[in-house]
Each structure stands twice: as structure tokens, then as C-alpha cells.
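Down below is the structure, laid out as C-alpha cells.
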Amino acid sequence: MSTENLVGIAEVAEIAKVSKQAVTNWRIRYDDFPRPVQTLQSGPVWERETVVTWVKNFQGQATHVLSFINLKGGVGKTTTAVGVAEILAQEERKQVLLVDLDPQTNATVTLISEEQWAERDKSGRTIAQLFADKLNSHEQPKFDLEQSIIRRVSTINDGIARLDLLPSSIRLIDLQDRIPMIALSGNFTANPLDILKSVLQPVMDRYDYVIIDCPPSLGTVTKNGLRISTGYIIPTIPDIVSTWGIYQIVDNVHRFSQDIDRPLPALGIVATKVQPNNLHRRVIEDLKARRLGHFGEAGALPQPPVFQSTISQTVAVARGADVDADIRTFKGKYGNAYAELRHLTQEIKQICEKKKP
Ligand SMILES: Nc1ncnc2c1ncn2[C@@H]1O[C@H](COP(=O)(O)OP(=O)(O)OP(=O)(O)O)[C@@H](O)[C@H]1O
Ligand SMILES: [Mg+2]
């Protein structure tokens, strides 16, 4: 760790615009105040990024960065991430950036037209170009963040004023397996897990929320999302097969969070595509009672909480991609799931914006 990233009490006070005494009080009062990485003769020192995140969070100005993750495909990650992002921007009047990390580009093409996507993809204005640049480090980098962020996206209201999108591309499929080996391509300076962070950090302050739609894996691309996340959400269909891998996700993310030395809490599990049958009802009950398998075993991690809100399987969502569907209103796009998504968004907001006592 380089020493320029380390800060002492005086600098923490300066960052937070409070007295040194206030910082000392926070250390005593709040258990979650970051632990110093070292104690020098001049006093304790912290890693700047960790302290800045804590201070911003404490002062209620943090950018909440939430990854939607499940190893299983088709469980409603994208639908939930996009719905929550749209509601945060339109109804909660938050500044929101949706980052599509999935080469399937589902979030991208529900928020912009295919024509618009094709044009951007051709000119390298997608997340794939960002990773391609790192793999082709001998060439001039082409990715330009400001050019790549699309403003006012969504079919709702013909565009939601506070909702921005960093789109994905199917080109990412060919790149993603090579990203862990960027050093082999001659690029020794870029850490494969810090690629997204390095470009997003300068614009992060513009947003209240960054919502990351991840592919159904925990590969390097998803880890790039987790690297900048302040928490993650696990959408799952409430059936045996879909909930099977949840322990693995929590365990993996926990280990990753230890590697990068930052907290990465699971905000919660959300039941999606819920149908009114006994199996779904029973699995939801088990989830809410924290009886999900593996978690209860000796030495195992605790099960993450479960959101009260559940998202029903609805015709409106299923036919969302249908060009004839009226997807310019929340009600048309999500049908009965709209009220549920709204409720879920409230719960997420409450967790994120909880003020310290
Ligand atoms: N609440 C719902 N009601 C009906 N259909 C839904 C609902 N949620 C998602 N779907 C449909 O299920 C399919 C998968 O949903 P979605 O793309 O959100 O899942 P995903 O977990 O992101 O999938 P992937 O792993 O492929 O990225 C889509 O066709 C979507 O329209
Ligand atoms: Mg998806």
C-alpha cells in the first residue's frame, strides 16, 4: 500500500470538515469506524478511500453503489435492478446511474432502443471498450466516459430526467475471459479488478445511487462491480433450485470483501417472479425465518436478511419487450409488480439512508 493513500486524524478531520476531537469521538462512539491500518509515532493512519466512504456515509452524502447479483440466470436481476433504478430517479428524485455489466445487454436494451445501442456499440461507446482498452494497452485508449454515459434513459415518460446509463455490449463476451490476464497482454499497470473503479471514481459524486446489473457469474467483470459497491442485493425466484447457490454467493462476496479490505454487506434477498403456489409460499417463509440451507451450519456465515417486498410474476413484465406494450408508464411496464417494486425501492432507500443516532 502506498503511503500517499494514508491519512491521519488531522486529515480525516479536514475531509469531514470537523474538529480533530470530533473524529476522536466518532472512533469511540461508532464501532464501524474504520480500523487504522497502522499506528505510527504520530498517531493512527487509515486508508483514505475507506475513511472517505465512512465519512460520506455518516454525513448522509454517500453514493450508494448496489450490485444485483445471483449466479443463476433468469431470476429477475435485470428486471429488478432496472425497475429500482427507474423508481429511484423518477419518484424519489435521486440522481441514478445504471451500469450494465452483462454482455447480454438486457438492461441496456430495455432502457434505450436497439438502434441507439447499435450506433453506440459501433463507435466504442460501451463498457466493452473500457475493458478492450486495457487488453490493447499498446494502442491509444478509445473509451471516453462522458461520451459513453447516456442521459435521460428509459421508455417511461420517453426518458427519465435523472436516470443515466453506462451501456454494455455483446463484445464483452469475447473479452471477459481475458480480463484477469491483462498483465500478460503487456499491461502491468492496470489491476484487472479496478478497471471500472478507475473510470467511475471521478464522476461518482454526481450520483446518489449507482445500480449495477451483473451477469450471472462471479467472474472478473462482476468483481469490478463489487469493487466499487457499498452493498449488494440478491434477487431469487423462491424455489429450491434458485436459492441453492445463495450461500456460495454470500461466501464468495465475503471473501472478496476481506481481500479488498472493505465491508460489502448483503442488503438483502428479494423474492422475484413469485407465483401464488405452495412451493413459493413455503420457500419465502423459510427465507424470512432465516432457515436457508448451509447458513445454519456450524461455523457458517449468517443468512442475509430478506426484503419484506416480493415481486410477483406478472404478464406486464413478461411482455415488456413486446413493441406493442405500452411501456411509457410504470403501470404499463410493470403492471401489478409496479407497487411491489416501489415498496422494495423504499426498503432499499431506508437501509441505505439510515441516519446514525
Ligand atoms: N416479475 C416478473 N414477472 C414476469 N416475468 C418476469 C418477471 N421478472 C422477470 N421476468 C422475465 O424473466 C426473464 C428473466 O428476467 P431477467 O432478465 O430480469 O433475469 P436475470 O436474472 O437478469 O437474467 P440473466 O441471468 O439472464 O441476466 C425475462 O424474460 C423477464 O422478462
Ligand atoms: Mg440480467
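Remarks
Let's see how each residue does on (1) within 24 Å of the chain's Cα centre (by Cα); (2) within 24 Å of ALA316 (Cα to Cα); (3) outside the structural domain of VAL199 (by TED's automatic domain parsing):
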| site | (1), (2), (3) |
| --- | --- |
| VAL109 | yes, yes, no |
| GLY124 | yes, no, no |
| ASN136 | no, no, no |
| SER154 | yes, yes, no |
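- Hey, LEU287 of a type in the set (A, V, I, L, M), touching a residue at least 24 places away in the same chain (Cβ under 8 Å) and assigned to a loop (DSSP other than H, G, I, E, B) or not: no
- Here the condition is being within 16 Å of ligand 2 (Cβ to nearest atom), assigned by TED's automatic domain parsing to the domain that holds ARG125 and either at pLDDT 95 or above or not hydrophobic (A, V, I, L, M, F, W, C) (or both); of ILE237, ILE246, it holds for ILE237 alone.
Residues are listed down the side, and each one gets a yes or a no for (1) in contact with a Cys (Cβ under 9 Å, 6 or more places away or on another chain); (2) within 16 Å of ligand 2 (Cβ to nearest atom):
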| position | (1), (2) |
| --- | --- |
| GLN38 | no, no |
| SER42 | no, no |
| THR53 | no, no |
| ALA62 | yes, no |
| ILE69 | yes, yes |
| LYS72 | no, yes |
| THR78 | no, yes |
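- Criterion applied to PRO202, PRO167 was being more than 16 Å from ligand 2 (Cβ to nearest atom) and of a type outside the set (Ser, Thr, Tyr), and the one residue passing it is PRO202.
- Scoring ALA271 on the criteria (1) out of contact with any Phe, Trp or Tyr (no Cβ under 9 Å at 6 or more places or on another chain); (2) more than 22 Å from PHE58 (Cα to Cα); (3) among the aliphatic types (A, V, I, L, M); (4) surrounded by 15 or more Cβ atoms within 10 Å (Cβ to Cβ) leaves a single failure, condition (1).
- Helices (runs of 4 or more DSSP H) completely within region 121-240 that count 3 or more residues being in contact with a helix residue (DSSP H, G or I) (Cβ under 7 Å, 6 or more places away or on another chain): 127-135, 172-176, 195-200, 220-227
- Once region 94-129 is narrowed to residues that are of a type outside the set (Val, Ile, Thr), closer than 17 Å to MET204 by Cα and more than 16 Å from ligand 2 (Cβ to nearest atom), the residue that is surrounded by the most Cβ atoms within 10 Å (Cβ to Cβ) is LEU97.
- Contact map, region 99-121: residues that are on the phi > 0 side of the Ramachandran plot paired with residues that are surrounded by 19 or more Cβ atoms within 10 Å (Cβ to Cβ) and of a type in the set (Phe, Trp, Tyr), Cβ distance under 9 Å, separation 6+ or inter-chain. Pairs shown: THR105/TRP117.
- Any hit, region 146-155, residues being surrounded by fewer than 23 Cβ atoms within 10 Å (Cβ to Cβ), touching a residue at least 60 places away in the same chain (Cβ under 8 Å) and of a type outside the set (Val, Ile, Thr): no
- The set of residues from region 89-110 being in contact with a strand residue (DSSP E or B) (Cβ under 8 Å, 6 or more places away or on another chain), part of a helix (DSSP H, G or I) and within 13 Å of ligand 1 (Cβ to nearest atom) comprises ASN106, ALA107, THR108.
- With respect to (1) surrounded by fewer than 19 Cβ atoms within 10 Å (Cβ to Cβ); (2) over 22 Å from MET204 (Cβ atoms); (3) assigned by TED's automatic domain parsing to the domain that holds ARG262, the lone exception for THR79 is condition (1).
The values are calculated or read from the model by the stated rules, or taken from the named source; none is laboratory data. Owing to the predicted nature of the structure, the values given are computational and were not obtained by experimental measurement. Every residue, glycine among them, receives a Cβ derived from its backbone with ideal geometry; neighbour counts consider all protein chains shown.
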